[in-house]
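Novice: Take this structure, written in structure tokens, and hold onto it; I'll ask about it next.
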Amino acid sequence: MINGTEKQKSPIGIFDSGYGGLTVLSEIKSLLPNYDYIYLGDNARAPYGNRSFELVYEFTREAVRWLFEQNCRLVILACNTASAKALRSIQQIDLPQTNPAKRVLGVIRPTVESVGALTKTGHVGVFGTSGTIKSQSYDIEIAKLHPQLQVAAEACPMWVPLVENNEFDKPGADYFVKKHIDNLLKKDGQIDAIILGCTHYPLLISKIEQFLPKNIRVVSQGKYVAESLKDYLHRHPEIEKKCSKNGTVNFFTTDSPENFGELASLFLNEKIEAQKIKID
């Protein structure tokens, strides 16, 4: 837990059900290195992908509340499932009632905002967890911002386990990656941009690109979320000036800190030490 001295900081909170949000954190840190960050992974209750809307909302709300208690004034849901199933309720119901001065942002809208400029055919694909794809969050958001685009989606339930079992760059991943690419392109052969709608998937990019036609662009979220956050802080100086800037990152998990540190190191290519916490 953060001690009294640390409490004086006001870090930016980054939440994910597990490890995938580390790909977002990596890009945010690269673009905005001076800020303080807290990363929270709810590994004990992961994965969120196949859980109900109600349970994902409950778990996400608890995590956000914990980050607020650590003096975070701004929290990024670096998890597509949480963004799809919980963000709107937190923004529209919880924040106005309990924390009107604080903000919670997701990863879906920044990604969707970028995709319009990345497709020439107007046909876009989405890879995601079963929960994200069933929620149709990308379809809905793309229809709002880019109504001219055609969207086809494919759930890839094995991709997260491949990453979390360190099999993402092994030959065994080939079958599962190629299978879902083929399925998606059968749905729409004109696709020329594909959104990786799960923050684990950037670790599979080399495999994905191996089986994709060369004309198809892969849209990885971290870069666009980081750029969107930078723009948000510029447009909201009342939030930005309260964010502390010491260049620190603290990692927390609801499961084994040793296991978290070992796998997190794969995502960030550096030694990671985490603390275990309980949220409820």
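Table: residues versus (1) open to solvent by 60 Å² or more (accessible area, probe 1.4 Å); (2) among the basic types (Lys, Arg); (3) out of contact with any His (no Cβ under 7 Å at 6 or more places or on another chain).
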site	(1), (2), (3)
107	no, no, yes
137	no, no, yes
147	yes, no, yes
168	no, no, yes
178	yes, yes, yes
197	no, no, yes
208	no, no, yes
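Novice: Taking residue 186, is it surrounded by 15 or more Cβ atoms within 10 Å (Cβ to Cβ) and basic (Lys, Arg)?
Specialist: Values: surrounded by 15 or more Cβ atoms within 10 Å (Cβ to Cβ): no; basic (Lys, Arg): yes.
Against the criterion (surrounded by 15 or more Cβ atoms within 10 Å (Cβ to Cβ) and basic (Lys, Arg)), residue 186 does not qualify.
Novice: Quick one: in segment 186-207, which of the residues that are under 24 Å from residue 16 (Cβ atoms) and free of Cβ contacts under 8 Å to residues at least 40 places away in the same chain is nearest to the chain's Cα centre (by Cα)?
Specialist: 205
Novice: Among the residues of segment 157-176, write down those that are touching a residue at least 12 places away in the same chain (Cβ under 8 Å) and either within 20 Å of the chain's Cα centre (by Cα) or within 19 Å of residue 268 (Cβ to Cβ) (or both). Steps first, please.
Specialist: Filtering segment 157-176 down to residues touching a residue at least 12 places away in the same chain (Cβ under 8 Å) leaves 157-160, 162-164, 166, 168-169, 173-174, 176.
Once the filter is applied, which keeps residues that are touching a residue at least 12 places away in the same chain (Cβ under 8 Å) and either within 20 Å of the chain's Cα centre (by Cα) or within 19 Å of residue 268 (Cβ to Cβ) (or both), segment 157-176 yields 157, 158, 159, 160, 162, 163, 164, 166, 168, 169.
Novice: Is it the case, given these coordinates, that residue 152 is at pLDDT 95 or above, surrounded by fewer than 17 Cβ atoms within 10 Å (Cβ to Cβ) and over 30 Å from residue 62 (Cα atoms)?
Specialist: On the way: at pLDDT 95 or above: yes; surrounded by fewer than 17 Cβ atoms within 10 Å (Cβ to Cβ): no; over 30 Å from residue 62 (Cα atoms): yes.
So residue 152 does not fit the description; no.
Novice: Give me a count of the residues in segment 54-81 that are without any contact (Cβ under 8 Å) to a residue 60 or more places away in the chain, open to solvent by 10 Å² or more (accessible area, probe 1.4 Å) and not acidic (Asp, Glu). Walk me through how you get there before you give the answer.
Specialist: The initial filter retains those residues of segment 54-81 that are without any contact (Cβ under 8 Å) to a residue 60 or more places away in the chain, namely 54-55, 57-61, 64, 67-69.
Subset that is open to solvent by 10 Å² or more (accessible area, probe 1.4 Å): 54-55, 57-59, 61, 68-69.
Filter once more, so that each one left must be not acidic (Asp, Glu): 55, 57, 59, 61, 68.
Of the residues in segment 54-81, 5 are without any contact (Cβ under 8 Å) to a residue 60 or more places away in the chain, open to solvent by 10 Å² or more (accessible area, probe 1.4 Å) and not acidic (Asp, Glu).
Novice: Of the residues 99, 80, which is farther than 21 Å from residue 237 by Cα and of a type in the set (S, T, N, Q)? Outline the logic, then answer.
Specialist: Values: 99 fails: farther than 21 Å from residue 237 by Cα.
Checking each option against the conditions leaves just 80.
Residue-wise test of (1) closer than 30 Å to residue 32 by Cβ; (2) in a loop (DSSP other than H, G, I, E, B); (3) aliphatic (A, V, I, L, M).
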residue	(1), (2), (3)
138	yes, no, no
167	no, yes, no
203	yes, no, yes
208	yes, no, yes
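Novice: Among the residues of segment 82-95, write down those that are open to solvent by 30 Å² or more (accessible area, probe 1.4 Å) and within 19 Å of residue 12 (Cβ to Cβ).
Specialist: 91
Novice: Determine if segment 96-103 includes at least one residue that is assigned to a strand (DSSP E or B) and either surrounded by 22 or more Cβ atoms within 10 Å (Cβ to Cβ) or among the basic types (Lys, Arg) (or both). Steps first, answer last, please.
Specialist: Narrowing segment 96-103 to residues assigned to a strand (DSSP E or B): 103.
This time we only want the ones that are either surrounded by 22 or more Cβ atoms within 10 Å (Cβ to Cβ) or among the basic types (Lys, Arg) (or both), so: 103.
Yes, there is a match, as at least one residue in segment 96-103 is assigned to a strand (DSSP E or B) and either surrounded by 22 or more Cβ atoms within 10 Å (Cβ to Cβ) or among the basic types (Lys, Arg) (or both).
Novice: Now for a different question. So which residues in segment 73-102 are among the hydrophobic types (A, V, I, L, M, F, W, C) and more than 22 Å from residue 264 (Cα to Cα)? Spell out the reasoning first.
Specialist: As a first pass, look at segment 73-102 and keep what is among the hydrophobic types (A, V, I, L, M, F, W, C): 74-79, 82, 84, 86-87, 90, 93, 95, 101.
Those that are among the hydrophobic types (A, V, I, L, M, F, W, C) and more than 22 Å from residue 264 (Cα to Cα): 74, 84, 86, 87, 90, 93, 95, 101.
Novice: Restricting to segment 51-81, what's the tally of residues that are aliphatic (A, V, I, L, M) and farther than 13 Å from residue 40 by Cβ? Walk me through how you get there before you give the answer.
Specialist: Within segment 51-81, the subset aliphatic (A, V, I, L, M) is 55-56, 63-64, 67, 74-78.
Among the residues that remain, those that are also farther than 13 Å from residue 40 by Cβ are: 55-56, 74.
Residues that pass the stated criteria total 3.
Novice: Here's another thing I want to ask about it. Give the residue that is most open to solvent (accessible area, probe 1.4 Å), with candidates limited to residues of segment 243-271 that are modelled with pLDDT under 95 and in a loop (DSSP other than H, G, I, E, B).
Specialist: Among those residues, the one meeting the criterion is 271.
The values are calculated or read from the model by the stated rules, or taken from the named source; none is laboratory data. Since we're looking at a predicted model, the values are computed, not measured. Positions of Cβ are generated from backbone atoms using ideal geometry, with glycine treated the same way; all protein chains shown enter the neighbour counts. All accessible areas refer to the heavy atoms of the entire protein, side chains included, with ligands and DNA or RNA removed. Shrake-Rupley method; radii C 1.70, N 1.55, O 1.52, S 1.80 Å.
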